[in-house]
Every structure is written in structure tokens, then in C-alpha cells.
Amino acid sequence: MKEEIVIEESSVEAVEDAVQRQKKFFATGQTFAKEKRINVLKQLAQLIRSNEREIVTALKNDLNKSETEAYMTEIGFLLEEIRFAIKKIDSWMKPVKVKTAKTHIGSKGYQVAEPYGVTLIIAPWNYPFQLQLAPLIGAIAAGNTAILKPSELAPHTSRLLSRLIKAEFDPNYIAVLEGGIETTNHLLEQPFDYIFFTGSVPVGKIIMQKAAKQLIPVTLELGGKSPCIVDETANLTLAAKRIAFGKWTNAGQTCIAPDYLFIHHSVRDRLIEEMKKVVKDFYGSDANQNESYPKIINQKHFNRLKRYLSDGDILFGGQVNEDKHKMAPTLMKPFEMSSSLMTEEIFGPILPILDYETLDEVISFVKKRPKPLALYLFTTNNNTEKRVLKEISFGGGCVNDTLMHIATPYLPFGGVGESGIGSYHGESSFVAFSHYKSILKQTNRFDLSLKYPNAKNSLKLM
Ligand code: NAD
């Protein structure tokens, strides 16, 4: 039997105390040394490795994630990010030299990365372990302290994170404050030096408004409706597999899951047939009975998803298991573009399908909506690829694949417009948590006098 966990809000006193202690600790300069940063990153990797079993269990309890999925999308992902940060930290910390302008002869210019200070990292529930700790890697690598606020909707992971971090780290350096909206509101009143938020667009707006009151810089990793386009030249067998992987990993509760599919009308029926086969291959004939297929996080989201089922014809799937909060992989043909199915972020296992005749239709449809976090294009036509990449603005994405752009430390990950501000992963995590001081070091060997008011040939405006 899994234990019921209810996450209590943190008191305003606990929140203030945690921030003030970190302020004092940061001021001692102990987070600055490279060796310290590397040691803490190693400690974090060791903490993850030695508690793998507990992490997998918490993710199973919160989302019914399988061990493979938990390892691939949460544990393994973090270990790789930490390995990469440790390997690269030396070069990331080096001052970046810049050229000297002709007007500045004799001087040298460079930029130095300095930590912001005390940072706040707020996480959502869908990859509750990974999305809490991936930004922390950047925060530590860049020399900050951090307060973590896990999602109250993934209570087993929240509790585990709190316990593990408390046991391993000095709370003056890294601390967890559990809770929901009330706790977040207390936190947002504090004088943080940086806020890193992952979550929904509406809450992202609240975070930015509150941060603006104190001019606290933010990274916002948000969501939205990410389109997936399949043209008539695509390899349909591969497209079906890769779209199914991207859509039904974590039962569609992924910020960059394909939200809706645009298929060229000439290949529509073939692609749908291929997708039906793939779903059966991946999950068996009844996905809801498959022990490895994730559940929907809670009753509220389960009800929200069930409502979408009446917004169109179900082409495939649609079965639900009320007791287990499971919904089978589902393809739908929407009735109306104005329905909730086609206007809200689905964030679940339902994939609406639209067919199109010309690429212009697709481009114009996507451009009329908020800029997506991700876009996926399946094609073998170079012109189609060029047009889509040039004409549509989106956070990031893949050509002939889904999700995989998020899983490499060499590609910064983030949104644009409504889907987010800023990016992270690999070096961009270090950059996100650093302020780059621009320094000009002047020579004392000579002194160009033209700039002074008493210079004979001082510069005069014509
Ligand atoms: P959410 O915005 O509801 O919650 C995120 C965090 O904010 C949680 O810790 C929660 O406690 C807190 N919160 C919720 N409501 C709040 C309020 N009114 N005031 C202050 N704090 C509040 O998001 P969610 O439901 O946990 O996650 C799903 C959303 O996150 C989706 O939109 C998804 O696309 C997005 N997401 C984005 C990324 C990304 O990397 N861009 C990754 C995962 C999820």
C-alpha cells in the first residue's frame, strides 16, 4: 500500500528564515570557489545514484512512471547534466576576453561571470524530480545558493526531495521549502536575486508580475500548444513511432509533447493506421492495463482531460480507467477550432489531428496562435524544412523526431513569447544563473587626452 502524503504549506517565518540564512551564507563567499561547486555537484550526483530506488518509487507513486521512463527522463538525464557541468565548469568560469575598440586603444575588455546570489527554483509536477534539480545544477555551477519549491501535486517526490536535500546539504546553501500557492506567495515576497520557474503560462505571468515588484530577474520555462507537422514526403513508419514516443511518454504530460498533429491530407489515413499499430506495439491492446503506462496526476486533471473527449470524434483510444486515473492513447478529429481541445494546452494522452492541403495553411494557422514551446516537422523536402524553420517562431524542436532536442546538453532549451523567457541545459544553465560583468581595464602606460574637457583638440559636435 502506498502511503498518502499531504503537503503542508511552509509558514511565512520559515520562508523568511530560510532566505535570510542563505543571504548571510552567500555573503561569506563560500559558494564561489570552483572546487566547492564541483564537490557539491559530485555530492548531488552521488545523492541521486545512491537513492535511485527511492526516486523510482516516488515517481511510480506520483505518476505511475515505469523504471525505464524514470531513469531515461529524470535520473539519467540529471546524471548526464551533472557530468557535463563538472567537465566544463573550468571553461565556463574563465573570463571571456573581448576585442578592443579603436577608441579604447591600450585597454583590455573582458566579461566575468558572477553568481546572482540567493536563487529560487519552482518546479511543476510532471517531471517533478528532474525539473527541480536540473536548474539546481546550473545554480550551483554558477556559484549561487538555492531554495527549491517542489510541486505539491507530486507529493511523494516533494517529500523525498525535501528529505534527501536536508540530509545531504547545509540549508544555508541548498534548502527545500514544500508547499503550494501559499508557500510560493510567501517566497515571492522575499528579496531573491534570481527566480527560475517551470510551470504553466498563467502562473508564469503571476511569477513575473511579483518578481517585477522587486526587479528580480527570471527564467520562465512555460508551456502551450506544440504543433507537429507531417508532410506528404515524410517517412510515415518512422514518423508514427517517433510521434507516439513524444506524445505518450508520461501519458502526454510533457511540456514539449506534440499537442496537435497537422497531416497532409494525402497521407492522413496511412499515418493514422501506422500510429494505431505503434500504440499496440508500445503498450499492448489495452494501454490502461499496461503496468508501465503512466497515470494522470490527479482527479482534477483527469476530469479536465475527459471533457476534451467530447470536443471531437474519437478515431482511436478514448478508454479511461476511473480508479487508476488512466486514459488510453487517443487520436481525435476536433469539431471546432474554438473548442477547449484546440485552444487549451492538452497536457495528456489526447492527440487531435487536422489535415491540410498546402503548407501556407499550416504556417498561417500556427502563426495566428501564441509562439509554441516546441515544433516538430516530419518531411524529407528541404524547401518545406527551410520555410517552416524560417517562417514560424517557436522555442525549439526537431525535424523528423520529437522531444530529443531537450535531451542534449549542447542545445539550450527554452521558449519564446508565451512559451517562456530564457533557456537552460548545459552551458546555458550556467549562463542563466550568472550575471556577466563587463570590465574594461585601462592602461597606465599612456593617457589619450582627447576625452578631457581641457584637451586642445577635444572632440566637438559639428
Ligand atoms: P503550475 O504553473 O500550475 O505550477 C507550477 C508551480 O507553481 C508549482 O510549484 C505550484 O505550486 C506553483 N503554483 C501554482 N499555482 C500558483 C499560483 N497561483 N501562484 C503561485 N504559485 C503557483 O504548473 P503545473 O501544472 O505544475 O505544470 C504543468 C505546466 O507546466 C504545463 O503548462 C507545462 O507545459 C509546463 N511545463 C513547462 C516545462 C518547460 O520546461 N518549459 C516543463 C514542464 C512543465
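Mean sequence separation of contacting Cα pairs (under 8 Å, at least six apart), scaled by the length of the chain, corresponds to a relative contact order of 18 percent. Of the peptides 197-203, 248-254, the ranking by mean beta-carbon count within 10 Å, highest at the top, reads 248-254, 197-203. Here the relative contact order of the stretch 327-398, from alpha carbon pairs under 8 Å that lie six or more residues apart, stands at 27 percent. Counting only lysines at least 8 places from residue 386 when in the same chain, those with an alpha carbon closer than 22 Å to its own are 225, 367, 368, 371.
Along the axis of the charge dipole computed for the chain (Cβ charges of +1 for Lys and Arg, -1 for Asp and Glu, origin at the Cα centre), the listed residues 118, 180, 257 are led at the positive end by 118. Residue-wise HN-Hα couplings along the stretch 145-160, as the Karplus relation 6.51 cos²θ - 1.76 cosθ + 1.60 with θ = phi - 60° gives them from phi, are 9, 8, 10, 9, 10, x, 7, 5, 7, 10, x, 5, 6, 4, 5, 5 Hz; Gly and Pro carry x.
For the stretch 80-86, putting each phi into the Karplus relation 6.51 cos²θ - 1.76 cosθ + 1.60 with θ = phi - 60° gives couplings of 5, 4, 5, 4, 5, 5, 4 Hz, in residue order, rounded to whole numbers and with x for Gly and Pro.
Counted by neighbouring Cβ atoms within 10 Å, the residues 408, 119, 31 run from fewest to most as 408, 31, 119.
May I ask what percent, to the nearest 5, of DSSP beta bridges between residues of the stretch 317-423 are antiparallel? Bridges in the stretch 317-423 are about 30 percent antiparallel. Projected over every direction and averaged, the convex hull enclosing the alpha-carbon atoms of the stretch 1-152 yields 12.3 nm². Packing, as the average of other Cβ atoms within 10 Å across residues, places the peptides 342-354, 92-104 in the order 342-354, 92-104, highest first.
Distant-in-sequence amide contacts of residue 332, defined by a placed amide H-H separation under 5 Å and a gap of 5 or more residues or a different chain, comprise 315, 351, 353. Derived scalar couplings between HN and Hα for the stretch 338-348 equal 8, 5, 4, 4, 9, 10, 9, 5, 6, 6, x Hz in order, rounded to whole Hz, by the Karplus curve 6.51 cos²θ - 1.76 cosθ + 1.60 (θ = phi - 60°), x for Gly and Pro. DSSP beta bridges confined to the stretch 89-209 are antiparallel in about 20 percent of cases. For the peptides 235-245, 217-227, 8-18, 444-454, the ranking by mean Cβ contacts within 10 Å, running from highest to lowest, is 217-227, 235-245, 8-18, 444-454. By the compact-protein rule of thumb, 2.2 N^0.38 Å, the alpha-carbon radius of gyration of the chain corresponds to a ratio of 1.09. Restricting to the chain, compute how many DSSP beta bridges are antiparallel as a %, nearest 5. The antiparallel fraction comes to roughly 40 percent. Between residue 219 and 195, 196, 197, the built amide H atoms are under 5 Å apart, and every one of these is 5 or more places off in sequence or on another chain. Contact order for the stretch 270-363, expressed relative to its length and based on alpha carbon pairs under 8 Å spaced 6+ residues apart, stands at 22 percent. Between the stretch 67-85 and the stretch 88-163, the C-alpha centres lie 18 angstrom from each other.
Quick note: the coordinates plus some simple rules give every number you see, no bench work behind them. Being a predicted model, the structure only gives us computed values, none of them experimental. Cβ sites come from the backbone with ideal geometry, for glycine too, and all protein chains shown count toward neighbours.
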